[in-house]
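Contents: one structure, followed by commentary.
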Amino acid sequence: MPGSKLEFTGATGARLAARLDLPDSPPRAYALFAHCFTCNKDVVAAARIARALTAHGIAVLRFDFTGLGGSGGDFGHTDFSSNVADVVCAAEYLRDHAGPVSLLVGHSLGGAAVLAAAHRIEGVRAVATIAAPADPGHVLRLLDEHRADIERDGEAHVTLAGRKFRIRKEFLDDIAGQPQSERIAHLGAALMVVHSPVDELVGVENARRIFETARHPKSFVAVDGADHLLTKRADAEYVAGVLAAWASRYVGEAPSPAEDRPAEGTVVVSENGAGPFGQRVLVGRHELTADEPEPVGSDGGPSPYDLLLAGLGACTSMTMRMYAQRKGLPLDRATVRLRHSRIHASDCADCETKVGRLDRIDREIVLEGALTEEQRRSLLEIADKCPVHRTLHSEVEIRTSEAAGA
């Protein structure tokens, strides 16, 4: 499992220590791992899960939260919200330097953190929690004997897992006010909940609450006999293997080699396994995702009509730009807004069809720049001549056949 140590800037401005574990071949996807409360990126469970995911072609970034492990900053000035923000910073770093994050994995309070961060990270298709509390406030039970001191003095030094940490009252206030149930209910990604029925630190009832609150697609895996930290090698490897196999269904197939890419002018669309309608769209070396919005689909990408409008909008803007360049017009920027609807034919005065319903696309164009009224009229006229616009207005023949081996 080749990997590299790296650093990035966390939510509080501190430099956070991280490790990027890579598969032997180009990654098919990128995952982010968030460790348990007061732990670090190198705990046994994190290392073994990273190894299993890389064996399935998924790269994994694991990092130390602010003030923990090899990361800078003061743990005493962090709280749950800053941990969530650290997860977002890690995802942004990975996106900018390697590839977008499609899988989030969190252990214990790290599981609560990835559930809270998922909606802030574009492109996440799957989330897995391991021994996670349903409510981040569950961690306050570890501080019961110190609560009075923290409330009275504003802070206290607490020994957790053999180490002393400074816990401030702001930490208590922040973690007690998290809208976790709402986040889980609107996760917008496939979910796998992993928990031990005999977990004495975070009871299995937390897994039940997470699972029942979440929407499909969701899965539950019980790791009978395992402790909270998965310290037994067999338990950690079991969880790692199951998680890797499950994630492979949602984070997409391995990148297509150049010879398997669609020829220029050909688009290939196939189901990606993310929800009932998720689609993988290959356009040359580019890969897109399409889906239906909730509640029909998982809202993992633009809908087919969204993509149709995007094609028309892009073509419109490009056509106006080419015309402006050719004519030397001072067009600074063009913005095209489109909306699709179905209307009664009788409501369209300029349409030949007068019976039933027909499709209508409303297109609004904003032109920025020191343009004269005549130049603006010319640009709007050329917009109607973009190739996609003409295709939509012309008679189109669509021939369907079954390909061998499809």
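Observations on the structure shown:
- Residues considered: A126, A29, A148. Largest GNM mean-square fluctuation over the chain, using C-alpha springs under 10 Å, is found at A148.
- Comparing Cα centroids, the range 46-87 and the range 306-323 end up 41 angstrom apart.
- Scanning residues 5 or more positions from G301 or on other chains, those with amide H under 5 Å from its amide H are D291, with H placed 1.01 Å from N in the peptide plane.
- Long-range tail of P(r) for the chain (Cα pairs > 36 Å, %): 39 percent
- Per-residue ellipticity at 222 nm computed for the chain from its helices equals -9500 deg cm²/dmol, with DSSP H segments shorter than 4 residues left out and the rest contributing -39,500 (n - 2.57).
- Count Lys and Arg as plus one, Asp and Glu as minus one, and take only other residues whose Cβ is under 12 Å from that of D42; the net charge is then +3.
- The mean accessible area for residues of the chain, using a 1.4 Å probe and ignoring ligands and nucleic acids, is 52 Å² per residue.
- Mean projection area, nm², convex hull over Cα of the range 64-104: 3.2 nm²
- Three semi-axes of the equivalent ellipsoid, the range 273-334, Cα gyration tensor, whole Å, largest first: 33, 13, 7
- Fraction of beta bridges assigned by DSSP in the chain that are antiparallel (%, nearest 5): 60 percent
- A Gaussian network model of the chain, with springs between Cα atoms under 10 Å, assigns the largest mean-square fluctuation among A176, A190, A85 to A176.
- Charge sum, other residues only, whose C-beta stays under 13 Å from A226's C-beta, Lys/Arg counted +1 and Asp/Glu -1: -3
- Highest-fluctuation residue, R62, R249, R333 considered, GNM on the chain with Cα pairs under 10 Å: R333
- The chain, accessible surface, carbon-and-sulfur percent (1.4 angstrom probe): 49 percent
- Shape annotation for the range 1-139: C-alpha extents along the principal axes are 40, 29, 29 Å, from largest to smallest.
- The calculated pair-distance distribution of the range 1-66 uses every alpha carbon pair, bins of 10 angstrom beginning at 0, and gives 23, 52, 23, 2 percent.
- Residue-by-residue Karplus 3J(HN,Hα) for the range 393-404, coefficients 6.51, -1.76, 1.60, Hz, glycine and proline x: 8, 9, 6, 10, 9, 10, 9, 10, 8, 8, 8, 5
- Phi angles of the range 46-56 translate, via the Karplus equation with coefficients 6.51, -1.76, 1.60 and θ = phi - 60°, into HN-Hα couplings of 5, 5, 6, 5, 4, 4, 5, 5, 5, 5, 9 Hz per residue; Gly and Pro are given as x.
- Under DSSP loop assignment and at most 15 Cβ neighbours within 10 Å, longest GluC sites (Glu not before Pro)-free interval of the chain: 1-121
- Sequence-distant residues sharing a close amide H with R357 (under 5 Å, placed H): A345
- 3J(HN,Hα) from dihedral phi, the range 176-184, Karplus parametrisation 6.51/-1.76/1.60, rounded to Hz, x for glycine, proline: 7, x, 8, x, 5, 4, 5, 5, 5
The values are calculated or read from the model by the stated rules, or taken from the named source; none is laboratory data. Keep in mind that this is a model prediction, so the values were computed, not measured. No Cβ is skipped: glycine too gets one built from the backbone with ideal geometry, and neighbour counts run over all protein chains shown. The area values use the complete protein model at the heavy-atom level, side chains included, leaving out ligands, DNA and RNA. Shrake-Rupley method; radii C 1.70, N 1.55, O 1.52, S 1.80 Å.
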